[in-house]
Amino acid sequence: MPSFYEFFAGGGMARAGLGDKWRCLFANDIDARKAASYARNWGNKHLRVEDVAALTTEDLPGCPDLVWASFPCQDLSLAGSYAGLRGERSGTFWPFWRLMKSLAKEGRAPAAIVLENVCGALTSHRGEDFAAIGSALAREGYRFGAVVIDAVHFLPQSRPRLFVIAVSEKLPLAGALGESGARTQWHPANLTTAYERLSSESKEAWVWWDLPMPAPRQTTFADILEENPDGVSWHTAAETKRLLDLMSSLHREKVEKAKMAERRMVGAIYKRTRMDETGARKQRAEVRFDDVAGCLRTPVGGSSRQSILIVEGNTVRSRLLSPREAARLMGLPDTYKLPMNYNEAYHLAGDGVAVPVVRHLAAHVLEPLFATIAADDQEAA
């Protein structure tokens, strides 16, 4: 059974995706509230609540096969400050990387490393941040590549994320994991542009990871809704009217069309700041009725929390997305224990990694890789 460390672990969604075929040796997060959720669901035997910069290799037990790191995205995202890897939060990649280099000096380098972040990591500082990560990996003897996977292939949530997968150059690639060129479904234009900006050393270490497409998704946004949600209440008629009044004519037209659909229509709403016709910034409510939720975000303010709009003829109801619905949109089972506080639960989900995406990567890249290693070791024995 391959082993792993989980850095920036949050509520343990990478662990949930890896599943019981994997053995956790160590988990780390600086956020005590997220760590409390991790402990409620996974126990605290391997959990260390600490700033990654304060850790040393003495805190890291054993020799992991895999290290997973969903390092903070705030300085790389559209909603962030664009400070990139120089920022206070996303810059925590570097103390994490110092730990990886120290493990290598001790002969405990992981065979594989997966880094997960927002797609803004590809373009931050004109691609320099992504190139810096590539150089760091290549100099430590890793072959690496990246894929962009949208959780919408698995869950009714639009959530594209970048996954950088690095494998020790000492290990053979299993089967046809590495293709000779980019594949459109996993390697969009922003990724291929980022690749072109890499150093020659990094390009030599690059792997065009290939993955099968998952089976067509069967669930819709309406399917994950709770009939009697905990933690939220339906808006009053006045509150729903205020939400509708925040819509532009384009989005009000969507609601009017939904009224004429002759069936129950479920929409997802985000509040956003847009420029009006005079150039002034104005808060707008934007709705989608395509059976998919918008990307979950952390609830920094009211505009970051997603709402539900249910239209049945002329009856229109609205409320906030419930904590359990947010967890379902991330692929967490209903047995997963959520925080009681609404914002904490929503933050836990919005800041996590989609569970079935992790499982897809594990099933089609990581587990074939380690199965090959195990077979080679058995043959050598």
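The values are calculated or read from the model by the stated rules, or taken from the named source; none is laboratory data. What you are looking at is a predicted structure, and each value in this text was computed from that prediction instead of being measured. Cβ coordinates were reconstructed from backbone atoms using ideal geometry, including for glycine residues, and neighbour counts include every protein chain displayed.
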Residue pairs meeting the criteria (Cβ under 8 Å; at least 6 apart or on separate chains; first loosely packed, with under 11 Cβ neighbours inside 10 Å, in segment 275-294; second of a type in the set (A, V, I, L, M)): Arg281/Met275
Matching option when the condition is surrounded by fewer than 16 Cβ atoms within 10 Å (Cβ to Cβ) and touching a residue at least 40 places away in the same chain (Cβ under 8 Å), among Ala194, Ala222, Ala215: Ala222
Failed criterion for Ser90 (all others in (1) surrounded by fewer than 22 Cβ atoms within 10 Å (Cβ to Cβ); (2) modelled with pLDDT under 95; (3) small (Gly, Ala, Ser) hold): (1)
Within segment 312-331, tally of residues that are in contact with a Gly (Cβ under 8 Å, 6 or more places away or on another chain) and of a type in the set (A, V, I, L, M, F, W, C): 2
Test for Val164: is it modelled with pLDDT of 95 or more and outside any helix (DSSP H, G or I): yes
Helices (runs of 4 or more DSSP H) wholly inside segment 170-275 that include at least 1 residues being among the small types (Gly, Ala, Ser), closer than 24 Å to Tyr342 by Cβ and outside the structural domain of Pro156 (by TED's automatic domain parsing): 237-245
Qualifying position, being in contact with a Ser or Thr (Cβ under 9 Å, 6 or more places away or on another chain), within 30 Å of Ile133 (Cβ to Cβ) and either of a type in the set (D, E, K, R) or at pLDDT 95 or above (or both), among Arg274, Arg288, Arg284, Arg297: Arg297
Extreme residue, surrounded by the most Cβ atoms within 10 Å (Cβ to Cβ), among residues of segment 34-50 that are within 25 Å of Cys63 (Cα to Cα) and among the polar types (S, T, N, Q): Asn41
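One line per residue, one yes/no per condition, for (1) surrounded by 19 or more Cβ atoms within 10 Å (Cβ to Cβ); (2) modelled with pLDDT under 95:
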residue	(1), (2)
Met1	no, yes
Gly12	yes, no
Ala16	yes, no
Arg23	no, no
Asn28	yes, no
Ala32	no, no
Thr56	no, no
Asp59	no, no
Gly62	no, no
Residue list for segment 301-340, restricted to those being over 24 Å from Phe71 (Cα atoms), in a loop (DSSP other than H, G, I, E, B) and not hydroxyl-bearing (Ser, Thr, Tyr): Gly313, Asn314, Leu321, Asp334, Met340
Members of segment 342-371 found to be more than 14 Å from Gly10 (Cβ to Cβ), at pLDDT below 95 and either outside any helix (DSSP H, G or I) or in contact with a Gly (Cβ under 8 Å, 6 or more places away or on another chain) (or both), listed by number: Tyr342, Pro368
